[in-house]
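Asker: Quick one: this structure, given as structure tokens, is what I'll be asking you about.
The values are calculated or read from the model by the stated rules, or taken from the named source; none is laboratory data. Given the structure is predicted, the values throughout are model-derived calculations rather than measurements. Here Cβ is always computed from backbone atoms with ideal geometry, including for glycine, and neighbour counts include all displayed protein chains. Please note that ligands, DNA and RNA were not included when accessible areas were found on the heavy atoms of the full protein model with its side chains. Shrake-Rupley method; radii C 1.70, N 1.55, O 1.52, S 1.80 Å.
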Amino acid sequence: MNQQVMSFTPERTTVVGRYRWTICALLFFATTINYLDRQVLSLLAPVLTKEFGWTNTDYANITATFQFVYAISMLFAGRVIDRMGTKRAYVLAIIVWSLGAIGHAYAIGVGTAVNSLLTTLGLAAVPVSIAGFMVGRAVLALGEAGNFPAAIKATAEYFPKRERSFATGIFNSGANVGAVLAPLSVPLIAEYWGWQAAFIAVGAIGFIWMGLWIWLYDTPERQRRLGAGELAYINSDTPVVSAAAPSAAAPKASWFKLLGYRQTWAFAFGKFMTDGVWWFFLFWLPKYMSAQYGLSGPDMVVPLAVLYSMTMIGSVGGGWLPTWFLNRGYNIYQGRMRAMLLIALFPLVVLAAQPLGYLGYWVPVILIGIGASAHQAWSANLFTTVSDMFPKHSVGSVVGIGGMAGGLGGVLLTKLGGGLFDHYGALGQLQTGYMIMFSICALAYLVAWCVMKALVPAHREITGL
């Protein structure tokens with residue numbers, strides 16, 4: 001990780017280190033853990049549904065709790081990270097989400113306590129299992145909301161603009177690795193030691209990462225492992241601050257001021273339209289494969305592992321794609337938007353998943369895998385549009401605003417799915433419900449791109465914050 005490379009310029013030769021990629025690796029593993037913890041419930045959903053008698057609407061309510069709390073928390077997470085600093089905020093986030101993940105194992109006890117409290121207050125109680133899992137999902141969401149704002153902020157701190165989408169694609173691929181590792185491990189743990197053990201074992205991994213983060217991370221200016229050449233390279237496209245300017249910390253722009261920029265709305269709309277697609281794939285695919293093809297937990301291991309392995313290609317390849325345009329003379333925004341338009345075409349193949357599903361479950365697995373892979377490519381670029389246009393001290397807040405929009409979009413899509421599946425399932429036409437949902441997922445990216453392009457037709461970097 002500490003190899004040195006030479007960077008040649010006409011004026012001088014400088015030595016540029018690679019420590020920034022160590023930070024990228026830490027962000028990658030944090031995102032892997034984030035998605036491992038997030039996916040345990042969906043993989044155990046068929047088992048838990050049978051054990052506790054949940055309907056599709058019950059399951060949708062549990063998963064929507066995560067998305068709603070995540071959405072609200074994302075708004076504040078970005079602000080907290082901007083004020084608290086990346087290092088301390090990330091530690092706080094992973095402590096909370098790891099405890100939330102482990103807490104799912106104790107859902108029945110927690111649900112009993114919640115119902116007792118509701119009864120004391122004279123409020124209607126909900127089934128114990130649903131109440132307990134809702135609490136677990138809420139705590140998990142509260143902590144996990146800090147991952148992406150902190151990771152994007154760390155990327156903006158440690159990488160120049162031309163490397164940010166590639167670095168984002170790398171750490172964002174941790175979501176795919178987590179999604180691959182989860183079906184390989186969670187069903188087996190649950191099979192041998194029970195579903196509670198799966199939540200505890202996966203949730204505890206976060207504390208190992210936390211120790212590495214505390215040891216290895218600091219801001220670039222205070223990082224002893226970072227050479228002067230690499231620090232200069234990282235700051236090579238940072239505007240020079242006048243010597244007469246005060247040395248006080250950068251001001252923190254208010255949410256209302258940030259919402260005054262079309263760039264904020266473009267990012268937020270892109271998240272609103274597309275985040276729910278990824279969550280739909282993440283939370284509902286195991287139930288889809290169980291309902292449509294009769295697959296049980298162990299039977300899903302290989303198909304889901306293949307599907308989410310495909311998404312790693314999209315994440316890293318999508319992060320690299322704008323560079324192809326940059327090398328052909330386009331500016332950063334032009335290159336990124338052209339890349340995102342190309343990426344937005346790939347999810348259209350999901351339209352064929354249900355009509356061709358009669359050929360066997362591998363057809364929708366591959367087609368949905370292409371759509372999910374395109375989402376990760378899209379996401380790597382969408383996140384990077386923020387650091388392209390906003391100053392570093394506001395990145396976390398803007399990502400938080402967009403994250404809230406994405407979470408609310410996810411709540412709507414999840415609730416819609418649960419209602420559709422119960423409605424059409426009662427009619428014996430469950431496949432119609434999935435056809436409607438797959439159509440929404442397929443078209444969301446093109447709609448998002450068109451609106452984003454209309455809001456921000458050309459690059460304009462924001463310097464007034």
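Asker: Dipole of the chain, Cα-centred, from +1 at each Lys and Arg C-beta and -1 at each Asp and Glu C-beta, to the nearest 20 debye?
Answerer: Values: 29 positive and 18 negative charges, 241 e Å.
Here the chain has a charge dipole of around 1160 debye.
Asker: To continue, here is another question. With a 1.4 Å probe and all protein chains left in place, how much of the accessible area of the stretch 27-107 comes from carbon and sulfur atoms, in whole percent?
Answerer: Numbers: 1790 of 2550 Å².
On the stretch 27-107, the fraction of accessible area on carbon and sulfur atoms equals 70 percent.
Asker: Something else: Determine, from the Cβ-Cβ distance of Arg225 and Ala352 and an R0 of 41 Å, the FRET efficiency 1/(1 + (r/R0)^6), rounded to the nearest 0.05.
Answerer: Numbers: r = 50 Å, r/R0 = 1.21.
Working from the Cβ atoms, E equals 0.25.
Asker: Next up: Before I look further, what does the chain give for accessible area per residue, probe 1.4 Å, in whole square angstrom? Show your work: numbers first, answer last.
Answerer: Values: 18530 Å² over 465 residues.
That works out to 40 Å² for each residue.
Asker: Okay, helix-only estimate at 222 nm for the chain: each DSSP H run of n ≥ 4 adds -39500 (n - 2.57), divide by all residues, round to 500 deg cm²/dmol; what do you get? Intermediate values should be presented prior to the final figure.
Answerer: Values: 16 runs with 351 residues, N = 465.
The helix contribution divided over the chain gives -26500 deg cm²/dmol.
Asker: Next question, about the same structure. So what does log10 I(q)/I(0) come out to for the stretch 266-389 at q = 0.11, 0.12, 0.20 Å⁻¹, using the Debye formula with one equal point on every Cα and no solvent?
Answerer: Taking Cα atoms of the stretch 266-389 as identical point scatterers yields -0.42, -0.49, -1.07.
Asker: Ignoring ligands, DNA and RNA, what percent of the accessible area of the stretch 142-224 is carbon or sulfur (1.4 Å)?
Answerer: Details: 2020 of 3040 Å².
Taking all protein chains in place, the stretch 142-224 shows 67 percent carbon and sulfur surface.
Asker: Still on this structure, I have one more. Under 15 Å from a point 7 Å along the Cα-to-Cβ line of Val451: which residues of the stretch 255-294 have their amide N that close?
Answerer: Taking a point 7 Å out along Cα→Cβ of Val451, the residues of the stretch 255-294 whose backbone N falls under 15 Å are 262-277.
Asker: Ignoring any ligand, DNA or RNA, what whole percent of the accessible area of the stretch 378-454 comes from carbon and sulfur when the probe is 1.4 angstrom? List each step's numbers first, then the result.
Answerer: Working: 1640 of 2210 Å².
The computed percentage sits at 74.
Asker: Peptides 25-37, 298-310: what's the order by average Cβ count within 10 Å, highest mean first? Spell out each step's value before the answer.
Answerer: Working: 25-37: 23.0, 298-310: 19.2.
Order by mean packing, descending: 25-37, 298-310.
Asker: What does the net charge come to around Glu230 if you take all other residues with beta carbon closer than 11 Å to its beta carbon, with K and R at +1 and D and E at -1? Walk me through the numbers on the way to the answer.
Answerer: Numbers: positive: Arg18, Arg20, Arg225; negative: none.
Result for the neighbourhood of Glu230: +3.
Asker: In what sequence, highest mean first, do 210-221, 137-148 appear when ranked by Cβ atoms within 10 angstrom?
Answerer: Values: 210-221: 14.6, 137-148: 25.5.
Ranking the peptides 210-221, 137-148 by packing returns 137-148, 210-221.
Asker: Would you please classify the overall shape of the stretch 338-445 from the alpha carbon gyration tensor, given that a ≥ b ≥ c denote the square roots of the eigenvalues, rounded means a/c under 1.5, and beyond that prolate means a/b larger than b/c while oblate covers the rest?
Answerer: It comes out oblate by the Cα gyration axes.
Asker: Do you know the Lys pair count in the chain for C-alpha distances under 16 Å, with sequence separation 8 or more or different chains?
Answerer: 11
Asker: Tell me the volume per residue, in Å³, of the convex hull enclosing the alpha carbons of the stretch 66-203.
Answerer: Numbers: hull volume 16.3 nm³, N = 138.
For the stretch 66-203, the hull spanned by Cα atoms encloses 118 Å³ per residue.
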